[in-house]
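The values are calculated or read from the model by the stated rules, or taken from the named source; none is laboratory data. On a predicted model such as this, the values are computed, not experimentally measured, just so you know. No Cβ is skipped: glycine too gets one built from the backbone with ideal geometry, and neighbour counts run over all protein chains shown.
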Amino acid sequence: MDSGGDLADVREVVRKLRSEATATNERRLLVLSGAPAATRTTARTAVETGSFDGSVVTVSDRAIAGERIQPRSTGELLGTTHDCIVLDCHGGCLPNALGQATGAVDGGGLLILLVPPLDAWPETDCALEETLSAPPFSPDAVDNRFKRRLVRTLCAHRGVAIVDVDANEVLKRGCTDPAPRRPGTDVTPPESHAFPVSVYEACRTTDQRDAVHRCERLSNPGTAIVLEADRGRGKSSAAGFAAASLAIEGTDVLVTAPDYRNTAELFDRAVETLRTLGSLAADERDGSNRPAIRAIDGGSIRFEKPPDAVNASAGVCFVDEAAALPVRTLETLLSVAPSSCFTTTVRGYEGAGRGFDVRFRDRLDEERSVTAMTLSEPIRYAESDPIEAWLFHALLLGATPPPAELISESTPAEAAYERFDRDELAADETRLREAFGLLVAAHYRTEPNDLARLLDAPNVAIRALTVDDHVVSVALLGREGGLEESIRRTAYEGDRIEGNLVPDLLTSQLRDPDAGVPVGLRIMRIATHHAVRSTGFGSALLDAIETEFDPNGDSADGRFEAVDYLATSYGATPELLRFWRTNGYRMAHLSSTRNDTSGEHSAVMLFPLSPVGQDVFDRHTEWFRRRLPDVLAEPLGSVEPDIVRGVLAATAGTTRVSLSDFEWRLVASAAYGPGRYGTAPGPFRGLAFRALLDSTLDDAETERLLVLKVLQGRPWDATTAALGYASERACKRALGDAFKPIVEAYGTDIARNEADRYRSRE
């Protein structure tokens with residue numbers, strides 16, 4: 001420990017950090033701990049001492065140095081680079097914000113963290129506690145394992161300087177005394193290439209060169225290029241080189257991203273390229289609502305915000321920071337141009353999680369010939385950058401499941417059910433990385449904030465199946481409900497209940513004033529190792545959870561006593577609907593709009609445990625069954641038929657259909673004779689709904705026809721096209737045939753007599 005420091009010592013620390021960072025093209029981190037006012041004053045001194053040539057940004061609700069960004073707006077840093085970022089953590093330090101700020105610091109630059117005194121920081125209340133608390137738990141119930149972990153990593157990692165501002169003491173100087181930097185290897189153009197040779201000569205790494213070379217395929221319609229990388233690997237620059245090369249060929253290139261500033265690197269490299277080649281006709285970026293650059297030969301590169309881009313058309317579409325866009329937007333962007341390039345960050349600190357990988361890639365592979373590449377060589381900073389190593393450790397950005405070969409032959413029968421103690425989990429880095437790695441690999445929403453939630457949220461518990469002490473399947477559980485009357489009342493009047501997804505939905509949207517009384521346990525995440533997926537581990541884990549929290553079970557967690565029901569909420573797909581239905585869960589709600597992140601309709605399903613939970617289950621599954629025919633006809637009229645089939649199969653109970661004799665004759669004659677569906681669709685709709693609830697038909701294609709035409713009411717031409725019938729006449733004939741087994745299963749004597757009349761003529 002170095003003592004006796006003052007501002008002169010701080011200046012000396014900053015000068016040495018900057019000198020090392022500049023010489024090695026690495027980054028350095030300066031932690032200023034102490035009272036808020038003192039750390040902010042010292043930060044100004046540090047920024048002045050650093051003599052930063054580039055931009056300085058402060059993330060704080062106070063003006064400190066350079067441009068100021070509000071703490072809730074750190075997403076604006078995506079795709080940008082700065083010489084220095086000051087992150088004020090006195091008001092709170094959310095893991096997502098920490099990752100976003102660190103990722104935006106350029107090689108040779110400095111990240112400055114302003115924090116409370118290190119020994120007191122874990123116990124100091126801030127916005128993190130507010131974020132992680134959920135009724136009935138108060139912020140005081142939030143633990144501090146994440147902040148303790150953060151302090152440990154700051155103290156342990158290279159390249160991190162720590163100054164106790166209150167004590168005028170330099171606790172850690174952060175110098176690494178690096179070896180002399182080896183000269184980089186010249187990048188040579190590929191032997192065969194269509195883009196100009198100068199484009200390849202401008203590439204800084206072989207990875208970047210190869211990425212640009214792959215982008216030559218964008219000239220072929222039906223092509224998609226996916227460039228993935230951690231921060232600082234040059235994927236946006238590669239996209240800029242490629243976009244400029246295409247513009248030179250006369251292509252109209254559309255660029256979109258969450259914000260224009262995210263594309264700054266792409267546009268800068270494109271302008272440089274066009275200028276170098278003497279092909280720049282106009283640079284229309286400054287002050288323009290629709291920034292664009294134009295090539296002499298008629299090509300262009302223009303930016304549109306995502307809401308406008310989805311309605312545009314172009315020759316090629318580049319989507320920068322694709323993982324930060326909703327999946328539904330990504331899907332719509334496929335129709336904008338015949339070829340597309342998506343650049344995205346591998347690690348999820350952009351805050352949108354893994355929607356791109358987990359949800360969108362399958363759709364992309366179906367529609368395009370996809371070439372994917374991961375860039376690993378850093379460009380913005382050296383490969384040995386110690387701050388990247390610290391960030392990956394602190395936020396578990398590199399967390400992965402256990403190696404497949406260790407568990408690939410495992411079966412659920414040999415797995416042990418474990419109730420993870422979070423103190424033990426926080427102290428066991430291997431087990432923590434395996435558990436969190438499973439969640440990251442399997443779920444589009446998992447992000448650094450979830451690490452803090454897993455470790456510290458008072459309403460969260462972790463359960464897992466392990467084999468040979470390796471985590472094979474893991475579930476993140478959230479306690480909900482058990483709310484006092486005042487909270488339930490305000491929720492019924494429209495206020496949100498943070499951290500209580502299911503009680504909030506049942507209360508505010510479904511108008512159940514008592515839904516917040518029972519205690520629910522929501523399966524927030526469940527993930528199984530890819531090597532043993534679909535072998536029963538997920539179901540076995542759910543069975544074990546059900547047994548533990550059954551009223552006669554043996555749960556010893558005082559936070560989760562007297563659980564009345566289990567619940568889940570997820571983006572509905574046929575596969576997931578089947579999984580939860582098989583495990584006994586039933587539908588309580590299907591959102592009428594698509595989730596912005598997943599691009600899917602959110603399903604809520606329930607599993608009762610106690611008599612009180614059974615009551616909640618009964619009334620909400622019944623209410624869902626009663627209203628489903630109406631919502632399928634309008635707000636859910638565009639939902640994919642296989643999702644509707646899955647929803648109906650997972651809907652509890654059945655329904656009675658009461659038809660008049662006239663209506664039965666109409667249905668039977670439409671199935672067997674000259675009757676027409678369009679004469680009176682109502683009885684057909686009721687019968688189709690019941691048949692699908694009861695799984696009467698056992699024929700997927702027939703079920704899809706009933707969903708599209710009868711339940712959703714789509715036009716004949718759209719139904720015909722969607723299901724691939726040769727003509728509308730053939731589609732109508734198939735609909736009549738679809739009602740034959742329905743008449744046989746539910747028809748009255750009147751209906752059967754009507755059917756016999758026409759059967760006798762066959």
ask   = Can you name the number of the only condition in (1) on the phi < 0 side of the Ramachandran plot; (2) outside any helix (DSSP H, G or I); (3) surrounded by 19 or more Cβ atoms within 10 Å (Cβ to Cβ) that F146 fails?
value = (2)
ask   = Only one of (1) crowded, with 24+ Cβ neighbours inside 10 Å; (2) in contact with a Gly (Cβ under 7 Å, 6 or more places away or on another chain) is not met by A229, so which one is it?
value = (2)
Single condition V316 does not satisfy, out of (1) β-branched (V, I, T); (2) farther than 15 Å from E249 by Cα; (3) under 32 Å from the mean Cα position of the chain (by Cα) = (2)
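Yes/no matrix, rows are residues, columns are (1) surrounded by fewer than 20 Cβ atoms within 10 Å (Cβ to Cβ); (2) small (G, A, S); (3) not in a helix (DSSP H, G or I); (4) not assigned by TED's automatic domain parsing to the domain that holds A588:
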site: T654; (1), (2), (3), (4): yes, no, yes, yes
site: F684; (1), (2), (3), (4): no, no, no, yes
site: A688; (1), (2), (3), (4): no, yes, no, yes
site: A691; (1), (2), (3), (4): no, yes, no, yes
site: T696; (1), (2), (3), (4): yes, no, yes, yes
site: E703; (1), (2), (3), (4): no, no, no, yes
site: D717; (1), (2), (3), (4): yes, no, no, yes
Count of the stretch 532-566 residues which are farther than 20 Å from A415 by Cβ, at pLDDT below 85 and either acidic (D, E) or outside the structural domain of S408 (by TED's automatic domain parsing) (or both) = 2
message = Can you go through A43, A63 and tell me which one is farther than 19 Å from H157 by Cα, in the same structural domain as A167 (by TED's automatic domain parsing) and either modelled with pLDDT of 95 or more or more than 33 Å from the chain's Cα centre (by Cα) (or both)?
response = A43
request  = State whether one or more residues within the stretch 634-644 are under 30 Å from V563 (Cα atoms), part of a loop (DSSP other than H, G, I, E, B) and touching a residue at least 60 places away in the same chain (Cβ under 8 Å).
outcome  = no
key: Scan of the stretch 361-387 for residues that are touching a Leu at 6+ places or on another chain (Cβ under 9 Å) and within 22 Å of A97 (Cα to Cα), ordered by number   = P386, I387
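Matching residues to (1) of a type in the set (G, A, S); (2) outside the structural domain of L277 (by TED's automatic domain parsing); (3) more than 18 Å from D385 (Cβ to Cβ):
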| residue | (1), (2), (3) |
| --- | --- |
| A134 | yes, yes, yes |
| D143 | no, yes, yes |
| A156 | yes, yes, no |
| D164 | no, yes, yes |
| P190 | no, yes, yes |
| D230 | no, no, no |
request  = Could you tell me whether L154 is crowded, with 17+ Cβ neighbours inside 10 Å, touching a Phe, Trp or Tyr at 6+ places or on another chain (Cβ under 8 Å) and either among the small types (G, A, S) or touching a residue at least 60 places away in the same chain (Cβ under 8 Å) (or both)?
outcome  = yes
request  = Output the residue which, of all residues in the stretch 721-752 that are part of a helix (DSSP H, G or I) and free of Cβ contacts under 8 Å to residues at least 12 places away in the same chain, is farthest from L706 (Cα to Cα).
outcome  = D749
note = L277 fails exactly one of (1) over 34 Å from the mean Cα position of the chain (by Cα); (2) within 16 Å of V253 (Cα to Cα); (3) buried (at least 16 other Cβ atoms within 10 Å of the Cβ); (4) among the hydrophobic types (A, V, I, L, M, F, W, C), namely (2)
key: Of residues in the stretch 1-40 being buried (at least 16 other Cβ atoms within 10 Å of the Cβ) and in a loop (DSSP other than H, G, I, E, B), the one modelled with the lowest pLDDT   = G5
Number of the exception - R626 against (1) crowded, with 21+ Cβ neighbours inside 10 Å; (2) assigned to a helix (DSSP H, G or I) = (1)
Residue count, the stretch 255-274 (criterion: under 12 Å from A244 (Cα atoms) and buried (at least 19 other Cβ atoms within 10 Å of the Cβ)) = 7
key: In the stretch 152-162, residue nearest to C93 (Cα to Cα) [restricted to those that are in contact with a helix residue (DSSP H, G or I) (Cβ under 6 Å, 6 or more places away or on another chain) and outside any loop (DSSP other than H, G, I, E, B)]   = T153
Test for P221: is it modelled with pLDDT under 90 and under 20 Å from L334 (Cα atoms) = no
message = Quick check on my filter: what residues within the stretch 71-92 are under 24 Å from the mean Cα position of the chain (by Cα), surrounded by fewer than 24 Cβ atoms within 10 Å (Cβ to Cβ) and assigned to a loop (DSSP other than H, G, I, E, B)?
response = T80, T81, G92
ask   = Could you give every pair whose Cβ atoms fall below 9 Å, whose first residue belongs to the stretch 438-465 and is outside the structural domain of G558 (by TED's automatic domain parsing) and outside any strand (DSSP E or B), and whose second residue is at pLDDT below 90 and among the hydroxyl-bearing types (S, T, Y), counting only separations of at least 6 or pairs across chains?
value = none
task = Give the number of residues within the stretch 483-513 that are buried (at least 22 other Cβ atoms within 10 Å of the Cβ) and part of a loop (DSSP other than H, G, I, E, B).
result = 4
task = Identify the residue in the stretch 587-613 that is touching a residue at least 12 places away in the same chain (Cβ under 8 Å) and in a helix (DSSP H, G or I) and, among all such residues, is surrounded by the fewest Cβ atoms within 10 Å (Cβ to Cβ).
result = V612
remark   = Listed by range, helices (runs of 4 or more DSSP H) wholly within the stretch 180-266 having at least 1 residues that are free of Cβ contacts under 8 Å to residues at least 60 places away in the same chain and under 30 Å from D308 (Cα atoms) are 206-215, 235-248
